[in-house]
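Reading through the structure tokens given below for one structure.
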Amino acid sequence: MHQALPYRTWVPTTGGGNSVGPSSATIEPSDDPMNPGVGMKDVTCVKKMVSENAVIVFGRRGCCMCHVVMRLLLGLGVNPTVFEVDEEDEAAVVDELSRVIAGEDAKEGRPQFPAVFMGGQLFGGLERVMATHISGELVPILKKAGALWL
Amino acid sequence: MNSSSTHFVTSRRIGIYEPLHQISTWGESFKTNGCPNTSASTIAELEAKLDNQSEDTSHGTPGPSEKYDQEATKPVDKVQRRLAQNREAARKSRLRKKAYVQELESSRVKLMQLEQELERARQQGLYIGGGLDAGHLGFSGAVNSGIAAFEMEYGHWVEEQSSQICELRTALHAHISDVELRILVETAMNHYFNLFRMKATAAKADVFYMMSGMWKTSAERFFLWIGGFRPSELLKVLVPQLDPLTDQQILDVCNLRQSCQQAEDALTQGMEKLQQILAEAVAAGQLGEGSYIPQLATALEKLEAVVSFVNQADHLRQETLQQMARILTVRQAARGLLALGEYFQRLRALSSLWATRPREPA
């Protein structure tokens with residue numbers, strides 16, 4: 001089931017929609033009110049977030065490419081969840097994500113940030129998102145994943 | 001000008017050497033100004049001419065002085081002679097100065113021509129650094145080998161592009177088969193993909209060079225967006241050239257333009273965020289303390305991200321080209337590539353015209 005997540009613009013202080021499970025959620029203040037990031041020390045939530053969100057973007061904190069992906073998806077009318085990864089958590093998160101992916105085709109290998117998951121599956125990075133959008137295939141995929149309603 | 005002291009002596013003999021000394025002074029100062037060949041020979045010629053004249057004068061003077069052997073007229077004679085020699089010296093000095101100024105003028109014209117030539121050559125990517133261009137602040141002396149290689153490759157790329165455009169033009173007029181036309185289209189497309197590969201390599205060498213579009217001509221740079229043209233803008237230029245399009249094609253092209261625009265906007269916003277991050281990193285701490293190495297170290301790390309932007313922008317350009325090729329028929333694609341190629345040629349020509357436009361002398 002895919003939730004419609006409230007977009008952070010109207011809620012300057014984080015909290016609500018994104019926190020899942022045991023809230024050892026260290027919610028770091030984000031410089032950018034437009035960016036609904038949730039930093040979590042407990043990385044096992046990663047798997048749950050991937051399965052519970054229509055679209056989720058994993059990216060390093062402050063990464064501008066992650067910002068690009070987010071702006072693109074926002075521009076299309078999608079409410080992407082963004083998981084900002086701290087440097088110290090990076091290895092752990094990548095491991096966790098690799099385990100998530102390994103369930104499907106292992107062709108993707110270790111994911112690189114920013115990593116976009118759609119409908120519970122790894123979609124790809126910024127390049128793939130761009131290419132798919134230019135070829136006109138992104139919107140149908142987003143609809144199929146439940147991230148967009150016509 | 002060297003003001004070596006000239007000795008003004010009343011003696012007739014030494015008086016002869018006085019104007020010669022002045023001539024050599026003019027010559028010396030002019031030679032040090034660094035205009036080698038013609039000027040030196042001109043001066044030598046002029047010197048020889050004036051030497052002959054002064055010798056004539058000196059030969060002339062003994063004559064009349066013989067007549068005035070009486071004591072009473074001797075001082076008058078000397079005064080007259082000195083005045084004559086002074087007039088002579090002044091005249092020669094004026095002639096020397098005139099020659100000197102003429103040399104300066106012609107050198108100035110030559111310098112302006114050289115500057116223009118360099119500008120033209122630089123626009124074609126044949127000159128490394130472009131030190132005379134006002135856009136290059138400071139040293140172009142440190143030649144980046146990666147960039148030097150790129151500029152050279154780009155020069156060849158433009159030449160190859162020109163010949164491909166000619167081929168496309170001929171092929172379209174000759175109504176060759178679609179199969180043969182497809183080969184030309186593929187070649188032209190791959191040529192652009194090669195450029196993106198070249199740019200990616202050069203971006204690792206100097207990303208700011210790529211971001212500023214330094215290899216491009218001035219008119220092309222006017223349209224710069226993250227190291228190249230905006231794909232959506234190029235589509236606007238191209239589409240009217242492709243008539244007639246089917247309804248489906250019109251729809252597809254419309255969607256492509258919109259997707260391009262959205263992707264461009266996302267990249268632009270990402271760039272703005274990077275600028276903000278960079279500005280914050282540079283300005284961290286107290287501005288004005290005079291020590292800022294740690295801030296710059298942080299900022300340096302952030303700059304790596306600029307390379308990604310150049311790559312992503314080129315990736316977008318490549319994807320747009322490929323999508324257009326999918327939408328269009330082979331013949332339309334050929335026309336489109338021809339139109340695109342000539343559009344760039346026109347912009348380059350415009351840059352040349354602008355660089356060589358008649359200007360008021362400085």
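The values are calculated or read from the model by the stated rules, or taken from the named source; none is laboratory data. In this text the structure is predicted, and so the values were computed from the model without any measurement. Cβ atoms come from the backbone with ideal geometry, glycine included; neighbour counts cover every protein chain shown.
Things worth noting here:
- Residue within the range B:190-213 that is buried (at least 18 other Cβ atoms within 10 Å of the Cβ) and outside any helix (DSSP H, G or I) present: yes
- Among the residues of the range A:75-98, those identified as aliphatic (A, V, I, L, M), closer than 26 Å to B:Leu303 by Cβ and in contact with a helix residue (DSSP H, G or I) (Cβ under 9 Å, 6 or more places away or on another chain) are A:Val82, A:Val85, A:Val93.
- Pairs, first surrounded by 15 or more Cβ atoms within 10 Å (Cβ to Cβ) in the range B:160-183, second among the basic types (Lys, Arg), C-beta under 9 Å, six or more apart: B:Leu168/B:Arg335; B:Leu172/B:Arg331; B:Leu172/B:Arg335; B:Leu181/B:Arg331
- Count of residues meeting criterion [farther than 24 Å from B:Val310 by Cα and modelled with pLDDT under 95] in the range B:182-231: 0
- Scanning the range B:247-288 for residues that are surrounded by fewer than 17 Cβ atoms within 10 Å (Cβ to Cβ) and among the hydrophobic types (A, V, I, L, M, F, W, C) turns up B:Ile250, B:Leu251, B:Cys254, B:Ala279, B:Val282, B:Ala283, B:Ala284, B:Leu287.
Yes/no matrix, rows are residues, columns are (1) in contact (Cβ under 8 Å) with a residue 40 or more places away in the chain; (2) within 14 Å of chain B (Cβ to nearest Cβ); (3) of a type outside the set (A, V, I, L, M):
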position	(1), (2), (3)
A:Glu52	yes, no, yes
A:Gly59	yes, yes, yes
A:Arg99	yes, no, yes
A:Ala102	no, no, no
A:Met130	yes, yes, no
A:His133	yes, yes, yes
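- Scanning the range A:56-112 for residues that are modelled with pLDDT of 90 or more, surrounded by fewer than 22 Cβ atoms within 10 Å (Cβ to Cβ) and among the small types (Gly, Ala, Ser) turns up A:Gly75, A:Gly77.
- Test: B:Leu256 is in a helix (DSSP H, G or I) and facing chain A (nearest Cβ under 9 Å): yes
- Scanning the range B:269-305 for residues that are in contact (Cβ under 8 Å) with a residue 40 or more places away in the chain and more than 9 Å from chain A (Cβ to nearest Cβ) turns up just one, B:Leu303.
- Residue selected from the range B:325-348 under the condition over 13 Å from B:Val237 (Cα atoms) and of a type in the set (A, V, I, L, M, F, W, C), by the criterion farthest from the other protein chains (Cβ to nearest Cβ): B:Ala334
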